[in-house]
Structures are given as structure tokens and as C-alpha cells.
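The values are calculated or read from the model by the stated rules, or taken from the named source; none is laboratory data. No experiment lies behind these values; they were computed from the predicted model shown. Glycine also receives a Cβ, built like all others from the backbone with ideal geometry; neighbour counts cover every protein chain displayed.
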Amino acid sequence: MKRAGFTVDHYTFASILKAIGNISGLEEGMQTHCLALKTGYTFEVFIQNGLLSMYTRCGKLEDAERIFSSMEERDLISWNSLLTGCAHHGYGRDVMVMFEEMRRCGIKPDLTTFLTVLSACRHAGLLDKGIKYFDLMKNDNSLPPPKLEHYACIVDLYGRAGHLLEAEAFINNMPIKPGPSVFKSLLSACQLHGNKELAVISAKKLVELCPNDPATYILLANVLASEGDWNDAEGQRKLMLDRGLSKKPGYSWL
């Protein structure tokens, strides 16, 4: 592009950094960073956010934090990029600290921020923190109300902690209709902790919600088979085939 005589501007750099981040191309990202330094674009928040996102996607959190610390102006995108990077690489407790600092700086979190924070709580096993932040979403009218994916995170949090009855009660009291992600979270927890009765209920709900997804029939059949209910398990397999559905790669019958 440069050899052809075209001018490289901040929009070009932002697009390139996004593409590099998507493929985790660290070497190309560092080269682009050097070029941005030479052309003086690294002082723009637009480009700094692109560099932040690129380095976090490439797993270079120290470089991302260095850029973040040097920024004179940080917007919601800046905070979300660093929060997402830390959460993705397993620094759940650091995410909590940064989230509180973000709020002290007067940056209002959005749905992406909360999903990142709740996911970090989930992977770090921080049930109380997760519920605290979820309640913040629900009770603060200045913040966006939780969506289905946020509810699914809380179900998973309860489930991982072994609080299956609390997870079931949480689902039953949801103000929005539970989707497949909610029951998949509950089903995974039931299988992990050996609650077969609730696992069957969850799997049947999944079949109701996703009648054209063969994976749901396989999940239910496997749960039934683990209960020793081979006739019903075979019935689910037959029902799937009767509906013209085929097993996807990666799923197997017990």
C-alpha cells in the first residue's frame, strides 16, 4: 500500500491492528506499532486502543499494560480491552481490581464490561463477587440491565460452586425467558456434581428449546443412559433420526 503511494492514516492503522489481533500475529503487530510510532499516530486514543486490543489478543499483557499506563485519556474501549485480556488469560482477581478502579475513574461499564467481569468471577470461583456485580446491574438504573448471557454466567457460577438448587431457583425467578445457554450451564453443573435428576430436567428443557439441534438429543440420551434408563435413551436417539437430524462431529453416544 505504501509502495503504491497511498497515505497510511489512523483509520488504516486501526484496521490493520484489528486484523492482526484476530490472528494473534504478534510480529506483524510489533512492526505496525513501530510504524505508528514513526508516523506519530500512537498519541491518538483510537490507535492506542487498537494497540491495547492487539497486544492482549496476542497474550502480551505487560505490553498492553504499558500502553494503558501511558495513555493520557482512557475511554470505555480502553478499559474493556485490558479487562478482557486479563480475564481471557486467567487473571480474574486482577479484573476485579481494575473494574473497581474503572468505576472510581467515572467510566460507566457497559454490557461487555459486565460480561467480562462475570466471566472472570466464574473462572476464578468468586461466587459472592459475581452475585454482587450482577445485582449492581439489576438495581442501578443508570446501568444496562443484564441480558441472557449474564444470567447464564450466574447459573454457571452457582453450578461450579455446587449450589445446584440455588441455580435452579435463580432460573425459575428469571424475568426473561431462559435460553439454551442457561440450561447448558445447569446441565454441565449437574453432570459435574452428579445430580442426575436435575440433569434430566435440564436436558429435556434443552430439547424443547432446540428441537432441531442434534446435540441436545445426544446430551439428553447420555444423561438418561447414565441413569440406567436405556429405553428412553434409545428413544431420544430414534426421535433425532426420525426428525432427519444427524450427529455432529465432536458429540458421541454413551
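Details
- When residues of segment 191-219 are limited to those that are touching a Leu at 6+ places or on another chain (Cβ under 7 Å) and among the hydrophobic types (A, V, I, L, M, F, W, C), the one farthest from Asp156 (Cα to Cα): Val207
- Flag: Arg57 does not match the condition of being out of contact with any Asp or Glu (no Cβ under 9 Å at 6 or more places or on another chain), among the charged types (D, E, K, R) and assigned by TED's automatic domain parsing to the domain that holds Tyr133.
- Any hit, segment 111-125, residues being charged (D, E, K, R), exposed (fewer than 15 other Cβ atoms within 10 Å of the Cβ) and over 25 Å from Leu17 (Cα atoms): no
- Criterion applied to Phe99, Phe170 was being surrounded by 17 or more Cβ atoms within 10 Å (Cβ to Cβ) and within 24 Å of Ser78 (Cβ to Cβ), and the one residue passing it is Phe99.
- The requirement of being under 23 Å from Pro146 (Cβ atoms), among the polar types (S, T, N, Q) and either in contact (Cβ under 8 Å) with a residue 24 or more places away in the chain or not in a loop (DSSP other than H, G, I, E, B) (or both) is fulfilled nowhere in segment 58-78; no residue meets it.
- Applying the condition of being in a loop (DSSP other than H, G, I, E, B) and touching a residue at least 12 places away in the same chain (Cβ under 8 Å) to segment 15-54 and asking which residue is nearest to Cys86 (Cα to Cα) yields Ser24.
- Selection within segment 175-221 - polar (S, T, N, Q) and at pLDDT 85 or above: Ser181, Ser185, Ser188, Asn195, Ser202, Asn212
- Scan of segment 120-135 for residues that are within 21 Å of Leu82 (Cα to Cα) and part of a helix (DSSP H, G or I), ordered by number: Ala120, Cys121, Arg122, His123, Ala124, Lys129, Gly130, Tyr133, Phe134
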